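Below: the structure, in structure tokens.
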């Protein structure tokens, strides 16, 4: 059984975050500063009996750019960061992107949704199309990460 606590300090565009995970008498702590936290999801994405922890953040301002700060709990290593590929690295999937991300777990998949924008659209005037990107978790021992498994338009 795991006890997971996320403490967030501060208001505005940057917050100080402290994540504590306790299990069978052991406690692991990690700290960072980042965009405001909007949600936290936990799931055993690789079936190893230890949780993966996804802290969903969203930048302040009109873009509301979302991101995920992820950790996996590894024996003898503690909390290991999970890498999420930068959307900007894929010119096809990032076409029409201007923020307003939403992240959620669906089973063992991480789903990212965001509205699409035309070239001349303002950040407040998205078209009526949403892109969904599906990520699967790769529990690599040295660099656990998400990889893009697929995408669709809705």
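The values are calculated or read from the model by the stated rules, or taken from the named source; none is laboratory data. Given the structure is predicted, the values throughout are model-derived calculations rather than measurements. With ideal geometry, Cβ positions are generated from the backbone for all residues, glycine too; neighbour counts draw on all protein chains shown.
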Requested in this report: Name, by its number, the condition in (1) in a loop (DSSP other than H, G, I, E, B); (2) surrounded by 15 or more Cβ atoms within 10 Å (Cβ to Cβ); (3) modelled with pLDDT under 90 that does not hold for residue 11.
Outcome: (2)
Query raised in the report: Pick from the range 84-135 the residues that are exposed (fewer than 14 other Cβ atoms within 10 Å of the Cβ) and touching a strand residue (DSSP E or B) at 6+ places or on another chain (Cβ under 6 Å): which of them is farthest from residue 52 (Cα to Cα)?
Result: 127
Query raised in the report: Quick one: is residue 47 modelled with pLDDT under 90 and surrounded by fewer than 15 Cβ atoms within 10 Å (Cβ to Cβ)?
Result: no
Query - Residue among 33, 18 that is free of Cβ contacts under 8 Å to residues at least 40 places away in the same chain, exposed (fewer than 13 other Cβ atoms within 10 Å of the Cβ), touching a strand residue (DSSP E or B) at 6+ places or on another chain (Cβ under 9 Å) and closer than 24 Å to residue 110 by Cα - result: 33
Report summary line: Selection over the range 57-83 where residues are surrounded by 15 or more Cβ atoms within 10 Å (Cβ to Cβ) and in a loop (DSSP other than H, G, I, E, B) yields a count of 3
Requested in this report: Would you mind finding the one in 123, 113 that is farther than 18 Å from residue 134 by Cα and either assigned to a strand (DSSP E or B) or more than 11 Å from the chain's Cα centre (by Cα) (or both)?
Outcome: 123
Requested in this report: Could you tell me whether residue 54 is under 13 Å from residue 144 (Cβ atoms), touching a residue at least 24 places away in the same chain (Cβ under 8 Å), under 14 Å from the mean Cα position of the chain (by Cα) and part of a loop (DSSP other than H, G, I, E, B)?
Outcome: no
Query raised in the report: Does at least one position in the range 37-45 carry a residue that is over 16 Å from residue 136 (Cα atoms) and not in a strand (DSSP E or B)?
Result: no
Report summary line: Filtering the range 144-154 down to residues that are under 16 Å from the mean Cα position of the chain (by Cα) and loosely packed, with under 15 Cβ neighbours inside 10 Å yields 147, 149
Requested in this report: Tell me which residues, restricted to the range 134-154, are closer than 17 Å to residue 108 by Cβ and in a loop (DSSP other than H, G, I, E, B).
Outcome: 139, 140, 144
Report summary line: Note on the range 67-126: residues touching a helix residue (DSSP H, G or I) at 6+ places or on another chain (Cβ under 9 Å), touching a residue at least 24 places away in the same chain (Cβ under 8 Å) and farther than 27 Å from residue 20 by Cβ are 93, 97, 114
